[in-house]
1. Quick one: is LEU43 modelled with pLDDT of 80 or more, in contact with a helix residue (DSSP H, G or I) (Cβ under 9 Å, 6 or more places away or on another chain) and surrounded by 13 or more Cβ atoms within 10 Å (Cβ to Cβ)?
2. Tally up the residues in the stretch 17-37 that are more than 17 Å from ILE72 (Cβ to Cβ), within 18 Å of the chain's Cα centre (by Cα) and of a type in the set (Val, Ile, Thr), please.
3. Of the conditions (1) surrounded by 13 or more Cβ atoms within 10 Å (Cβ to Cβ); (2) at pLDDT 85 or above; (3) of a type in the set (A, V, I, L, M), LEU9 clears all except one; give me its number.
4. With in contact with a helix residue (DSSP H, G or I) (Cβ under 9 Å, 6 or more places away or on another chain) and either at pLDDT 70 or above or exposed (fewer than 11 other Cβ atoms within 10 Å of the Cβ) (or both) as the only criterion, which of ALA97, ALA86, ALA69, ALA79 stands out?
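The values are calculated or read from the model by the stated rules, or taken from the named source; none is laboratory data. Keep in mind that what you see is a predicted model, and the values were worked out from it rather than measured. Positions of Cβ are generated from backbone atoms using ideal geometry, with glycine treated the same way; all protein chains shown enter the neighbour counts.
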Amino acid sequence: MAIYGTALLSLCLLAGVILGNWLGMAIGVDANVGGVGIAMLILILIAERLRKTGRIQAPTEKGILFWSAIYIPIVVAMAASQNVLAAIEGGPMGILAGALTVTICFALVPLINRLGQSDSEPEETL
């Protein structure tokens, strides 16, 4: 079943990489800017369009879901490793900025959790 969404995923990735390179050139950066994210958006839009029009078969839909589930963690891991490498090469300021950002995000988790709870839900404790 997993093979059935590979062609669509491949075409979306190629389109995303091309658009990301063009976007990079447009803003004056010698890099692909958001190509993988663009590819995921294209994949989501095309899959949803095919689903709404009824032109997608069940095995193909399952294949697309499989590759989407595999694709996202790989992209996140790639981006995270690039960010860590850039921070280390950037010296102490890059490491400090990254550590400060992570600390602030961890500190905001309880606040975001409280905002997400409704008044009728009892608060869970560990």
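1. Against the criterion (modelled with pLDDT of 80 or more, in contact with a helix residue (DSSP H, G or I) (Cβ under 9 Å, 6 or more places away or on another chain) and surrounded by 13 or more Cβ atoms within 10 Å (Cβ to Cβ)), LEU43 qualifies.
2. 2
3. Against the list (1) surrounded by 13 or more Cβ atoms within 10 Å (Cβ to Cβ); (2) at pLDDT 85 or above; (3) of a type in the set (A, V, I, L, M), LEU9 comes up short only on (2).
4. Residue meeting the stated conditions: ALA97.
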